[in-house]
Ligand code: TRP
C-alpha cells in the first residue's frame, strides 16, 4: 500500500455521523413524507424499507469499496481502479453533484428564510401566498447565496476541522429536534387518522411499478447514492473501518429520521385538516415542491403561540439536515478538483461553490426549472450512475470482496453481496432508469408545450 498523505477522518463516529449527515436532509423531511403521501402512505413506507435494505445498502457498500480501495475522489478513483473510460462515470458524478446542489441550496434557502421568519416575526398569515411570493425572485436568490456561502465556509475547513466537526455538533442536534417533535405530535388531538394513513398499508398500493421505482429512486436520493458522495467520504477512511456494518448503520439511521419526520408531518396534517390538500394533490402537483412549506406553516399558525416554537424547531432541523447534505455534495466536487486537477482545497471549494451558486440562480426564479433539475439530476442521473457503478464493482473492479473484508472479515455474506451486485441490481436499476427516464421525458414534453 502506498503512503497516504491525504487527510482523513479523526474517528469512526465522526465518519458515521458525517455520512448520516450527508444522507439525512431535505430528502428525509421534505421529499419522503411527500412521496409517501402521494403514493399510498404505508405501502410506500414498506416498499421503501425494502428498497433501502435490498438496493441501498449493497450500492452503498459498492461505493465504499471503490472509495477506500483507491483513497481518491470519484474521477481519479475510477481512473485508478478502472482506467480512462471508467473515469467518465466520475465526470458524470461531479456533474450530478453540481446540478443537485444548485437546486438543493435554493430549497435550503427557503428553509433558512422560514426559520428566520419563525424566529423574528412569526409565520405569515397566508402561507400559500407567502410561499408564492417568497420562494422565487431576487430574495430567493439571496437566501440561496447565503446558504451556499455557509456550505463553502465549512468545506474550506477540510475533513476533520470542517466536515467532521460540523457533523459531530449538528447531527445530535437534529436527532433531538426530530424525536422531540414526533413525541410532541403524539399529544395532538385528532392526529389518529394521520398515524393510520401513514402506518396502515392498503394492499392494492403495493403492485404499482411506478411506486416501486419511486421508492427506489427516493432511496438513492435519501442515502446520497449514485454520484460518489459515499465513495468520497469513504476515501478518507482507514482499513480498520468495518464497511458493511457502517453501510447498515448509516442506512437505518437515515430511514429512522425519515420515519420520524413522517411521524411529525402526518399527525400534524390530519389534526389540522390539511390532509386532503396533500393527498388530492391540491397542494400536490402544482406546488409539489412546496407541499411542506405551505401546509406545515398553516398548521403552525393554527396552533397559536406554541406553533411558532414548534415551527422554529422544525425548520431548524430541516436547515441542519440540508446543511450537512450540501456539505457532502460540495465535497465531491471540491475533492475532485483537488485530486484530479491538483487545486488547493480553499480555492477548489470557493470556485466549485461559486459555479454552483450561479447554476442555481435560474431555479431560484422558476420552480419549473428547479423541478426539472430534480427530475434529471436528483432522480435520473442518480440511478443511471448507480447502474454503471454496480456494473463496475460487479464485473470490472479487482477483488471488491477483499476490500470490504478488511475490517469486517465476513466473506460468506460478502459473496452474497457480490452476487446481488452482479446479477440482481443491474436489472432492478435498469427498470428504475426506464421509469424515471419516462418521467423526465414527460416533464420536458409538457414544459416545451408550454405547460
Ligand atoms: N441525501 C440528501 C438528502 O436526503 C441529499 C444528498 C446529499 C444527496 N448528497 C447527495 C443526494 C448525494 C444524492 C447524492 O437530502
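Points worth noting:
- Residues being away from the ligand (no atom under 13 Å from the Cβ), surrounded by 24 or more Cβ atoms within 10 Å (Cβ to Cβ) and assigned to a loop (DSSP other than H, G, I, E, B) - total across the stretch 223-273: 2
- The residues of the stretch 182-202 that are without any contact (Cβ under 8 Å) to a residue 12 or more places away in the chain and in a helix (DSSP H, G or I), listed by number, are 183, 196.
- Some residue of the stretch 318-335 being over 30 Å from residue 236 (Cβ atoms) and modelled with pLDDT of 85 or more: no
- Among helices (runs of 4 or more DSSP H) entirely within the stretch 1-109, having at least 3 residues that are modelled with pLDDT under 95 and either away from the ligand (no atom under 13 Å from the Cβ) or closer than 23 Å to residue 417 by Cα (or both) singles out 32-38, 42-51.
- Among the residues listed as 373, 388, the single one being modelled with pLDDT under 95, part of a helix (DSSP H, G or I) and within 21 Å of the chain's Cα centre (by Cα): 373
The values are calculated or read from the model by the stated rules, or taken from the named source; none is laboratory data. Worth saying up front: this structure is predicted, and the values here are computed from it rather than measured. Cβ coordinates were reconstructed from backbone atoms using ideal geometry, including for glycine residues, and neighbour counts include every protein chain displayed.
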